[in-house]
Amino acid sequence: MSEAGKYSIVSKAHERNIVACILTNVDMLEEVDLPVAAFEDESMRVVYSTVIDLKNEGNTVNVSTLRTFFDHSDAFAEIVQKHGGYQFIENLAAKPDFMNFKLHQSELHRRFSIRETKARAEMALDAIKNTEINDPKEVMDIIDTHLSGGDFVKENETMDTDELNSAWLDKQTAMYFAGEFTANGIPVLNEHLRRILGDQVTHGSMNTLAGETNIGKSQWVSLLVRHFTHQQGIPTLVLDNELSKKEFRNRTLANLSGVRLKNIFNGYAFSPASPDYGDMKKAIAIMDKTPLIWRQVLDMTIERMEPIIRRFLRKYPVAQFPHKIIIVDGIKMQNGNDSYIEVGFFAQKMKSMAQKYEGEGIAFFPTCQLNRGGSARNITKEKELHPDHTSIGLSKLIADNSDDVYILTKHMDVDAQGTKVYSKFNRRLICTKARNHATFDGLNYVLMGFDGSRCFLEPTTSCGPDVEQEMPAVDPSQEPSY
């Protein structure tokens, strides 16, 4: 048997088992996240597409559902008749192999990714051959253009200009008086953070923090948890491929209590005789009421992330919790088989997922690395200038798909001899890209107090020529007193 024939038989067996599992177990249907195009066999592709359509319409999908809606689409009805009628539908759910469900799904994803990547690479190669190139950078631009095609990002609903009529305007006015426009983003209460994040973080947005190694990206995660989760009660899911459970737990306690990390790790802070014990009890009381979920996801893929996110959204329904935050720490190559292309795809898919669940009130906050050339030490121009989002490492698609990009760098000053001096206890935070508010970059930055010994990062001062610009007032009664 040829390799092509062997490949087709194995692939069809995997596809058939995916269909059998999702028709037999509703939890499997929640976990599956394969694009329709991942199914190579025509029959399985049509069946899977029908199942997903029925699910999206709010139906509980099983064998009975398919028998009831066998004529849901002409293509499905034709497949059913072609394969012997209802018996074909019943045979689809026969002998599901639940043990290998995830393995088969992963294999279909892998094969689909290979086919798609090859197709995109061929298109890019043709474009390069047919384009006059004057700079090596133009080659990379062509490749990135083909990688950032719209296949991974769901298209928004189409809009025709005749929709923008008086009835539409009246509807928007009614929504305004109902207060619906104030609920489409997560409020930012801290004055200095508002200069970076804007008045509110838009639902469905992807807001990326980039920084060089050991700059304090994990402290940024702690800052978000403190300001949004602890102070505002906004449910937060942290997906982490950086820290262990023990490390994250201890850093969170240090951040809330002010107790040094070393005293938590060595247990001294848990002794009733320790001067830290009272602070630990206060931090535990805060944590007990905090809607925070942390998950270690060492293999950070969209397929691994989405089932976790769906469970998180079910636990905190939008009717009761209109805002939610998902922190991804962080974007990087997952294994030796990863490439810059796959990292770019991952960023595209994450933005697509943010848009997919926009109605649930979520906003994504991923972290990633800066290129070495984007570090504060390598900026050779005037002392106040900073790196920007073009300095993000791994893939330009990370910045392309981010709504906001924040850069965290070391705080630098110049002494009397003109020598650069870097502070151990401060960081600079800037916003170099923003879609829904003004950026705060160039000569401007927010000075952050930094204390790695207790995993603490906090905005202290807005610096630069624009610091006198008028900012919308914050209701003092809502300002956190932490």
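Here are the numbers for the structure shown:
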read-out: Segment T131-S64, length gained on full extension (0.36 nm per residue, minus Cα span); value: 18.6 nm
read-out: Residues with amide H under 5 Å from that of T202, placed H, sequence gap 5 or more; value: I186
read-out: Phi to ³J(HN,Hα) by Karplus 6.51 cos²θ - 1.76 cosθ + 1.60 over region 229-241, Hz, x for Gly, Pro; value: 7, 6, 7, 10, x, 7, x, 9, 10, 9, 9, 10, 10
read-out: Footprinting exposure proxy for W220, W294 (fewest neighbouring C-beta atoms within 10 Å first); value: W294, W220
read-out: Average Cα contact separation per residue, region 184-478, under 8 Å, 6 or more apart, as relative contact order %; value: 27
read-out: Karplus (6.51, -1.76, 1.60) ³J(HN,Hα), θ = phi - 60°, over region 103-111, in Hz, Gly and Pro reported as x; value: 4, 5, 5, 4, 5, 5, 4, 4, 5
read-out: Interchain or long-range residues, amide H under 5 Å from L189's placed H; value: none
read-out: Förster radius 30 Å - calculated FRET efficiency between V26 and F321 (Cβ-Cβ, nearest 0.05); value: 0.80
read-out: Prolate/oblate/rounded label for region 3-102 (Cα gyration tensor, a/c 1.5); value: oblate
read-out: Over 19 Å between alpha carbons, listed pairs K324/K356; K324/K410; K351/K396; K217/K289; K12/K102; value: K324/K410; K217/K289
read-out: For region 200-216, Karplus couplings with θ = phi - 60° (6.51, -1.76, 1.60), whole Hz, Gly/Pro x; value: 8, 8, 5, 4, x, 9, 10, 10, 9, 9, 10, x, 6, 4, 6, 8, x
read-out: Exposure proxy ranking, count of Cβ atoms within 10 Å, fewest first, for I89, I302, I128; value: I128, I302, I89
read-out: Residue order, fewest to most beta carbons within 10 Å, for I143, I326; value: I143, I326
read-out: Global form of region 387-439, assessed from the alpha-carbon gyration tensor, a/c cut-off 1.5; value: prolate
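Just so you know, all these numbers are worked out from the coordinates, no wet-lab data involved. Source: prediction; values computed, not measured. Reconstructed Cβ throughout: ideal geometry from the backbone, glycine too, with neighbour counts over all protein chains shown.
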